[in-house]
Amino acid sequence: VEFAIVRVGGRGYTEGKLYEDTYFDRNVQGALDAGLAVGAYFFSQAITVEEALEEARFVLERVRDYDLTMPVVFDWEMGSARTNAIDSDTMNEVALAFCGAIQEAGYESMIYFNSYQGYVKYDLSKLLDHSFWFAQYQAQPSFYYDFQMWQYSSQGRVDGISGDVDLNLSFVDYAD
């Protein structure tokens, strides 16, 4: 294990209220104490640019006291959520707003997605100023476009953590 991307919090699926991960500070400090490179992610349910900017401010307020050397990630996922009807243009706009605010604050920005989002929902050609974190749980990725990080499992085990953890490979050394 060389790095950890720690969840800052998210936005509720139905009511859209922001929440902080109650373990964020402990997890970041634990990863830093273990000598890991650390980044952060926010589980977004933004449906407007204004909400995406609110999320970015929320994240920046919480990460400012930590030495993050890995990206700050926009993790927008679909499901039984208030976001199901969002169109591709809006999805791009909210990702760009969040990532732009993160970059303006001096952090590396990244967008997390799976195959469906990458091929159907996002227009990746409009998001190339940001790193990509691709999730596909297979022996090797089959995504056509370049990405900088690959999440290859959601059932990993790491010493010191009980339960499943996501496993990832970074093809970029962000810590240097």
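The values are calculated or read from the model by the stated rules, or taken from the named source; none is laboratory data. Please read these numbers as outputs of a predicted model, since none were measured by experiment. Heads up, the Cβs are rebuilt from the backbone with ideal geometry, glycines too, and the neighbour counts pull from every protein chain shown. Just so you know, the surface numbers come from the protein's heavy atoms only, side chains and all, with ligands and any DNA or RNA stripped out. Shrake-Rupley method; radii C 1.70, N 1.55, O 1.52, S 1.80 Å.
State the number of residues belonging to the stretch 55-74 that are of a type in the set (Asp, Glu), open to solvent by 10 Å² or more (accessible area, probe 1.4 Å) and outside any loop (DSSP other than H, G, I, E, B).
Going residue by residue through the stretch 55-74, those that are of a type in the set (Asp, Glu) are 55, 61, 65, 67.
Checking which are open to solvent by 10 Å² or more (accessible area, probe 1.4 Å) leaves us with 61, 65, 67.
Now narrow it down to the ones that are outside any loop (DSSP other than H, G, I, E, B): 61.
Looking only at that region, the number is 1.
Scanning the stretch 125-156 for residues that are among the aliphatic types (A, V, I, L, M) and buried (at least 19 other Cβ atoms within 10 Å of the Cβ), which turns out nearest to Leu169 (Cα to Cα)? It would help to see each step written out before you state the result.
The initial filter retains those residues of the stretch 125-156 that are among the aliphatic types (A, V, I, L, M), namely 127-128, 135, 139, 149.
From what's left, buried (at least 19 other Cβ atoms within 10 Å of the Cβ): 127, 135, 149.
On the way: Leu127: 21, Ala135: 10, Met149: 6 Å.
This residue is Met149.
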### Summary
Residue hits (the stretch 157-176; open to solvent by 100 Å² or more (accessible area, probe 1.4 Å) and hydrophobic (A, V, I, L, M, F, W, C)) are Phe171
### Task
Determine whether the stretch 137-146 contains at least one residue that is under 14 Å from the mean Cα position of the chain (by Cα) and either in contact (Cβ under 8 Å) with a residue 24 or more places away in the chain or under 14 Å from Val1 (Cα atoms) (or both).
no
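If you go through the stretch 106-124, how many residues are closer than 20 Å to Phe58 by Cα, open to solvent by 10 Å² or more (accessible area, probe 1.4 Å) and touching a strand residue (DSSP E or B) at 6+ places or on another chain (Cβ under 7 Å)?
Looking only at the stretch 106-124, we keep the residues that are closer than 20 Å to Phe58 by Cα, and these are 106-112.
Next, from what is left, pick out any that are open to solvent by 10 Å² or more (accessible area, probe 1.4 Å): 106-108, 112.
Checking which are touching a strand residue (DSSP E or B) at 6+ places or on another chain (Cβ under 7 Å) leaves us with 107-108, 112.
Residues meeting the conditions: 3.
Give, as residue ranges, the strands (runs of 3 or more DSSP E) completely inside the stretch 107-176 that count at least 3 residues that are among the aliphatic types (A, V, I, L, M).
Values: elements: 109-114, 131-135, 149-158, 161-170.
In the stretch 107-176, the matching strands (runs of 3 or more DSSP E) lie at 161-170.
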### Query
What tally of residues in the stretch 87-105 results from selecting those that are open to solvent by less than 70 Å² (accessible area, probe 1.4 Å) and either outside any helix (DSSP H, G or I) or in contact with a Pro (Cβ under 6 Å, 6 or more places away or on another chain) (or both)?
1
### Message
Give me the residue from the stretch 13-40 that is open to solvent by less than 50 Å² (accessible area, probe 1.4 Å) and in contact (Cβ under 8 Å) with a residue 60 or more places away in the chain and, out of that set, nearest to Asp87 (Cα to Cα).
### Response
Gly16
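Evaluate the following for Gly100: is it without any contact (Cβ under 8 Å) to a residue 60 or more places away in the chain and at positive phi? Break it down into steps so the answer makes sense when it comes.
Working: without any contact (Cβ under 8 Å) to a residue 60 or more places away in the chain: yes; at positive phi: no.
In short, no.
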